[in-house]
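See structure below.
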Amino acid sequence: MSQPSSVESRIQELRQVIDDHNHRYYVLDEPAVPDAEYDRLMRELQSLEAEHPELVTPDSPTQRVGASGDNTFDEVVHRLPMLSLDNAFSEDELRDFDRRVRDRLSTGGDVEYVCEPKLDGLAVSLHYEKGVLTQAATRGDGYSGEDITANIRTIESVPLRLRGKTLPDVVEIRGEVYMPRGGFEELNRKLANQGEKTFVNPRNAAAGSLRQKSPRVTARRPLEMCAYSVAVPDEGILPDTHYACLQMVHQWGFRINPEMSLATGPEECLKAYESLLDKRDTLPYEIDGIVFKVNILEFQQKLGFVSRAPRWAIAQKFPAQEELTELQDVEWQVGRTGAVTPVARLKPVFVGGVTVSNATLHNMDEIRRLDVRIGDTVFVRRAGDVIPQVVKVVTDKRPKNARKVELPEHCPVCGSDVIQIEGEAAARCSGGLYCPAQRKEAIRHYASRKALDIEGLGEKWIDMLVEKEMVRTVADLYQLRKADLVRLERMGDKSADNLLKAIDGSRQPELWRFLYALGIREVGEATAKGLAMHFGTLEKIAEASEEALEEVPDVGPIVAGHIHSFFRQPHNQETIAALRERGVRWQSVEVAEPAALPLKGETWVLTGTLSEMTRDEAKEKLESLGAKVAGSVSKKTSCVVAGEAAGSKLAKAESLDVKVMDEAQFMAFLSEQGLG
Ligand code: IVH
């Protein structure tokens, strides 16, 4: 063989390094380099391959998408049928299974099992020849499936080439392709935003993504693959146990499930079931049960198969996370900001381990998207600690008298008009603080821990105080008297004293807490702090123009608009005046003289990674010097601080001739300002 040219050896080296990074990132979950470094290596390989197309090979990491064109979906006949698993529906059925195994093996002793999570995705079969992925197929009917090679290649946790020196000539790996929860939720959010159909669950999303004609679409879907079995023509080369086989497959570059464990005898298997069930909701992917497999391969062979399932394995299912039930009604709830949200009232159904009788329907857009009507049979899903959702309607079962869901014209709580603002998903009650629902929420927010932290003023008391009209606005809290309180049901002498003490103790809040407590739309804790630091007093904030408000970090035109209009509402002015009158004294903040701030009026941009401090720390320092810190570079940018691996923002700054500092210059600048 001739010596590889220097280009060729660089290409080989890059492929090796990139494969290693991929493996660490997607299989071991231990990235070794920042994304920017990975991108640089990939770009170098791409450009070398573009200059030397004759050196491109199908197992190059650049060839995951596109190189082999579209999916053919041709039929693939499985060399070994892809079987399914029998299920055990009770502890006794599992014990029976173990007894059958022991009888057939004629062993008196306990049998060892591998306990594997049963991933909720799709089974796939992958063929490797001389270590290179040559064909991927779906399970199909178990005897033949579809050729999905081009799509499988886009899944980064599937190695295009096996790792390691001693590899069998041909090998088949089987495993599950699945979509992690986080990726599923994000995908559905995106699809819903685009007004497209969403997927009912991660399994359907994985199936839909694998069945795409274009691998480009699949490549954008967050799929993963986890191996659970291996087959080679010469079984002599395999280790003695299933467990060791999976470790070997992991060495070859596949993900195997980290929750896998070994158990001896059925009682240990049942313990493994319980402990996996306990963990179920915390795993980043969905599982629908546990699979027990006889560990010793020789035993597996002795046991063989019956019809379509092995005698050496069994699945024990977990409680379902999706069930069918009837949508009996839709009610409307009103939140603090007046958002009027639909809540589905369901015929109670046991799903995801609890009885569910309510589910969120989000907003009218969602109701239209689902085309859900009262009386419909619906799929309810409760997975993890996510609130129950209506995910699909069974239109075939729609009764004749099913009723369309209409947005109410009037607020169900106060009767004010409900308005739907253009471009906003939520409909709103226009009653503002006249609406008891909004009043309750406003008081709850005012008393919450991050706001004025009035301990003991819980939802129950707020409901009663508002309903009995003892409290209309937060200012009325400071006029409550013990004699009134003790008349409330279940309010004892002591609770009344404690509550009054807590209310009294909230009379001198820091300015930012008070601002936050007012519940101005989109003014969270950070914005409240920014406003307090910038203006120093409530009066100045209340008088500020929208432009002046926008000078505060993180305050854009929308938030400035909310703040400005809040202070111009007569009922808000009255409430603030009443609070003052009743002895609430929010604290002013010392504000540095604007002229003393050296970066006043400047806009800075941070990009790349800083080694001496986090980006948030750098941002805070710049803001304390009066600069605004923006996320993108424009002609108006005063200076760009470029850390390690700065990318497009640095390039843009250079092209616009904007001043740039590297980290050393930035540190020197900060120390000149006394912030080093
Ligand atoms: S073993 C002959 N192991 O469950 C053994 N299957 O009902 C065949 N599955 O089609 C499968 N996790 O899609 C096995 N750890 C696991 C699994 C698993 C999920 C799925 C697989 C299969 C179905 C069988």
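The values are calculated or read from the model by the stated rules, or taken from the named source; none is laboratory data. Quick caveat, the model's predicted, so the values are computed rather than measured. Note: ideal-geometry Cβ built from the backbone for every residue, glycine included; neighbour counts use all protein chains shown. Accessible surface is based on the protein model in full, side chains and every heavy atom, while ligands, DNA and RNA are left aside. Shrake-Rupley method; radii C 1.70, N 1.55, O 1.52, S 1.80 Å.
Among the residues of the stretch 245-253, is any open to solvent by less than 50 Å² (accessible area, probe 1.4 Å), touching a His at 6+ places or on another chain (Cβ under 9 Å) and away from the ligand (no atom under 15 Å from the Cβ)? Spell out the reasoning first.
Step one: filter the stretch 245-253 for residues open to solvent by less than 50 Å² (accessible area, probe 1.4 Å), giving 245-246, 248-250, 252-253.
From the residues that got through so far, the ones that are touching a His at 6+ places or on another chain (Cβ under 9 Å) too are 253.
Subsequent filtering for residues that are away from the ligand (no atom under 15 Å from the Cβ) retains 253.
The answer is yes; a qualifying residue exists.
Restricting attention to the stretch 328-361, which residues are of a type in the set (A, V, I, L, M) and part of a strand (DSSP E or B)? I'd like the intermediate steps shown before the answer.
Here is the first cut: in the stretch 328-361, the ones of a type in the set (A, V, I, L, M) are 330, 334, 339-340, 343-344, 346, 349, 351, 354, 356, 359, 361.
Of everything in the stretch 328-361, those that are of a type in the set (A, V, I, L, M) and part of a strand (DSSP E or B) turn out to be Val330, Val334, Ala339, Val340, Val343, Ala344, Leu346, Val349, Val351, Val354, Val356, Ala359.
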Checklist entry - Residues of the stretch 195-242 being under 26 Å from Val170 (Cα atoms), of a type in the set (A, V, I, L, M) and either modelled with pLDDT of 90 or more or part of a loop (DSSP other than H, G, I, E, B) (or both), which ones? => result Leu210, Leu223, Met225, Ala227, Val230, Ala231, Val232, Leu238
Next on the checklist: Cβ-Cβ under 6 Å, sequence separation 6+ or interchain: first residue in the stretch 166-183 and away from the ligand (no atom under 16 Å from the Cβ), partner of a type in the set (Gly, Ala, Ser). Which pairs?
Outcome noted: Leu167/Gly131
Next on the checklist: Restricting to the stretch 536-546, give me the number of residues that are open to solvent by less than 20 Å² (accessible area, probe 1.4 Å) and either on the phi < 0 side of the Ramachandran plot or touching a helix residue (DSSP H, G or I) at 6+ places or on another chain (Cβ under 7 Å) (or both).
Outcome noted: 3
Checklist entry - For the stretch 107-117, does any single residue satisfy the condition of being within 16 Å of the ligand (Cβ to nearest atom), touching a residue at least 60 places away in the same chain (Cβ under 8 Å) and outside any strand (DSSP E or B)? => result no
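Could you list, in sequence order, the residues of the stretch 119-171 that are acidic (Asp, Glu) and either closer than 20 Å to Thr62 by Cβ or surrounded by fewer than 20 Cβ atoms within 10 Å (Cβ to Cβ) (or both)?
Of the stretch 119-171, the ones acidic (Asp, Glu) are 120, 129, 141, 146-147, 156, 169.
Those that are acidic (Asp, Glu) and either closer than 20 Å to Thr62 by Cβ or surrounded by fewer than 20 Cβ atoms within 10 Å (Cβ to Cβ) (or both): Glu129, Asp141, Glu146, Asp147, Glu156, Asp169.
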Checklist entry - In the stretch 617-634, is there at least one residue being more than 17 Å from Asp554 (Cα to Cα), open to solvent by less than 80 Å² (accessible area, probe 1.4 Å) and either of a type in the set (Phe, Trp, Tyr) or part of a loop (DSSP other than H, G, I, E, B) (or both)? => result yes
Checklist entry - Which condition number does Val217 fail, the rest of (1) away from the ligand (no atom under 14 Å from the Cβ); (2) surrounded by fewer than 23 Cβ atoms within 10 Å (Cβ to Cβ); (3) touching a residue at least 12 places away in the same chain (Cβ under 8 Å); (4) closer than 20 Å to Val65 by Cβ being met? => result (3)
Checklist entry - Can you find even one residue in the stretch 428-438 that is surrounded by fewer than 18 Cβ atoms within 10 Å (Cβ to Cβ) and in a helix (DSSP H, G or I)? => result yes
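Does Phe199 count as aromatic (Phe, Trp, Tyr), more than 14 Å from the ligand (Cβ to nearest atom), touching a Leu at 6+ places or on another chain (Cβ under 9 Å) and closer than 29 Å to Arg368 by Cβ?
Considered against the rule, which asks whether it is aromatic (Phe, Trp, Tyr), more than 14 Å from the ligand (Cβ to nearest atom), touching a Leu at 6+ places or on another chain (Cβ under 9 Å) and closer than 29 Å to Arg368 by Cβ, Phe199 comes out as yes.
I need the full set of residues from the stretch 654-666 which are part of a helix (DSSP H, G or I) and open to solvent by 50 Å² or more (accessible area, probe 1.4 Å), in order please. Full working, then the answer.
Pass one, the stretch 654-666, residues part of a helix (DSSP H, G or I): 654-655, 663-666.
The answer is Glu654, Ser655, Ala664, Gln665.
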Checklist outcome for this item: Expected single match for under 30 Å from Leu675 (Cβ atoms), hydrophobic (A, V, I, L, M, F, W, C) and within 30 Å of the chain's Cα centre (by Cα) among Ala517, Ala560, Ala532 is Ala560
Checklist outcome for this item: Picking from Thr355, Thr377, Thr360, the residue that is within 28 Å of Ala320 (Cα to Cα) and open to solvent by 50 Å² or more (accessible area, probe 1.4 Å) would be Thr355
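Is there a residue in the stretch 198-209 that is within 21 Å of Asp74 (Cα to Cα) and open to solvent by 50 Å² or more (accessible area, probe 1.4 Å)? Write out each step before concluding.
In the first step, residues of the stretch 198-209 are kept if they are within 21 Å of Asp74 (Cα to Cα); the result is 206-209.
From the residues that got through so far, the ones that are open to solvent by 50 Å² or more (accessible area, probe 1.4 Å) too are none.
The answer is no; no qualifying residue exists.
Residue-by-condition table, conditions (1) surrounded by 14 or more Cβ atoms within 10 Å (Cβ to Cβ); (2) of a type in the set (A, V, I, L, M):
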{"site": "Ala383", "(1), (2)": "yes, yes"}
{"site": "Ile387", "(1), (2)": "no, yes"}
{"site": "Lys392", "(1), (2)": "yes, no"}
{"site": "Asn401", "(1), (2)": "no, no"}
{"site": "Val405", "(1), (2)": "yes, yes"}
{"site": "Ser416", "(1), (2)": "yes, no"}
{"site": "Glu422", "(1), (2)": "no, no"}
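Per-residue answers, yes or no, for (1) closer than 21 Å to Arg428 by Cβ; (2) open to solvent by less than 20 Å² (accessible area, probe 1.4 Å); (3) assigned to a helix (DSSP H, G or I):
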| site | (1), (2), (3) |
| --- | --- |
| Ala528 | no, yes, yes |
| His534 | no, no, yes |
| Ala548 | no, no, yes |
| His562 | yes, no, yes |
| His571 | yes, no, yes |
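Any idea how many residues of the stretch 118-145 are outside any loop (DSSP other than H, G, I, E, B) and away from the ligand (no atom under 14 Å from the Cβ)?
Looking only at the stretch 118-145, we keep the residues that are outside any loop (DSSP other than H, G, I, E, B), and these are 118-119, 122-129, 132-138, 144-145.
Now restrict to residues that are away from the ligand (no atom under 14 Å from the Cβ): 127-129, 132-136, 144.
Adding up the residues that qualify gives 9.
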Checklist entry - Failed condition for Asp98, given (1) surrounded by 14 or more Cβ atoms within 10 Å (Cβ to Cβ); (2) farther than 27 Å from Gly253 by Cα; (3) out of contact with any Pro (no Cβ under 6 Å at 6 or more places or on another chain), with all others met? => result (3)
Item to check | Every pair of residues 6+ apart whose Cβ atoms lie under 8 Å, when the first sits in the stretch 290-316 and is within 11 Å of the ligand (Cβ to nearest atom) while the second is part of a helix (DSSP H, G or I) and among the basic types (Lys, Arg) | outcome: Arg311/Arg100; Arg311/Arg104
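Can you name the residue in the stretch 186-196 that is without any contact (Cβ under 8 Å) to a residue 60 or more places away in the chain and open to solvent by 30 Å² or more (accessible area, probe 1.4 Å) and is also nearest to the ligand (Cβ to nearest atom) among such residues? Let's see the steps before the verdict.
Let us first name the residues in the stretch 186-196 that are without any contact (Cβ under 8 Å) to a residue 60 or more places away in the chain, namely 186-191, 193-194, 196.
With open to solvent by 30 Å² or more (accessible area, probe 1.4 Å) added as a condition, the list becomes 186, 189-190, 193-194, 196.
Values: Glu186: 23, Arg189: 26, Lys190: 26, Asn193: 31, Gln194: 30, Glu196: 27 Å.
Within the stretch 186-196, the match that is nearest to the ligand (Cβ to nearest atom) is Glu186.
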